[in-house]
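Q: Below you will find the structure I want to go over with you.
The values are calculated or read from the model by the stated rules, or taken from the named source; none is laboratory data. Because the structure is predicted, anything quoted here is derived from the model rather than measured. In this analysis, Cβ positions are derived from the backbone assuming ideal geometry, glycine residues included, and neighbour counts consider all displayed protein chains. For the accessible areas, the whole protein counts, side chains as well, though only heavy atoms, and no ligand, DNA or RNA atoms are used. Shrake-Rupley method; radii C 1.70, N 1.55, O 1.52, S 1.80 Å.
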Amino acid sequence: VPMDILSCLKYLMFIFNVLVFAGGTCLAALGVWVAADPGGFQALVAARAVLSAASWLLLALGIALALLGFLGCCGALRRSRPLLLL
């Protein structure tokens, strides 16, 4: 396999992982926003308990995706197989 293709794949994987990191960060920010100001979302969800659980779920999922994206970025740049498999 030519080195140009491997280099292109490396940067494509990096860009994909940056998008995963950005999406995770946005989900975590949305979770914090819903947890801090539930009044704005009260009209969407009738039950307060569901809104509280959803905010914590968004926060946990966002943090997990951001961490996964960050490790993927590091793995793509360093060509580290264990980080990419994680």
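Q: Can you give me the % of accessible surface on the chain that is carbon or sulfur? Probe 1.4 Å, all protein chains present, nothing else counted. Please list the in-between numbers first.
A: Values: 4640 of 5960 Å².
Of all accessible area on the chain, carbon and sulfur atoms account for 78 percent.
Q: Taking the highest mean first, how do the peptides 2-14, 49-61 order by number of other beta carbon atoms within 10 angstrom per residue?
A: Working: 2-14: 11.0, 49-61: 14.9.
So the peptides 2-14, 49-61, ranked by packing, come out 49-61, 2-14.
Q: Treating the angle as unsigned and between 0 and 90°, give the value, to the nearest 10°, between the Cα long axis of helix 3-36 and the longest Cα principal axis of the chain.
A: The two axes meet at around 10 degrees.
Q: Using a 7 Å offset from the Cα along the Cα-to-Cβ direction at both Ala64 and Val50, what is the distance between the two label points in nm, to one decimal?
A: 2.2
Q: Using the Karplus equation 6.51 cos²θ - 1.76 cosθ + 1.60 (θ = phi - 60°), what ³J(HN,Hα) coupling, rounded to whole Hz, does each residue of region 71-76 give in order, writing x for Gly and Pro?
A: Those phi angles translate into 5, x, 4, 4, x, 5 Hz.
Q: Measuring with a 1.4 Å probe in the full set of protein chains, what accessible area per residue, in whole Å², belongs to the chain?
A: On the way: 5960 Å² over 86 residues.
Roughly 69 Å² per residue, with all protein chains present.
Q: Can you compute log10 of I(q)/I(0) for the chain with the Debye formula, treating each Cα as one identical point scatterer, at q = 0.25 Å⁻¹?
A: -1.05
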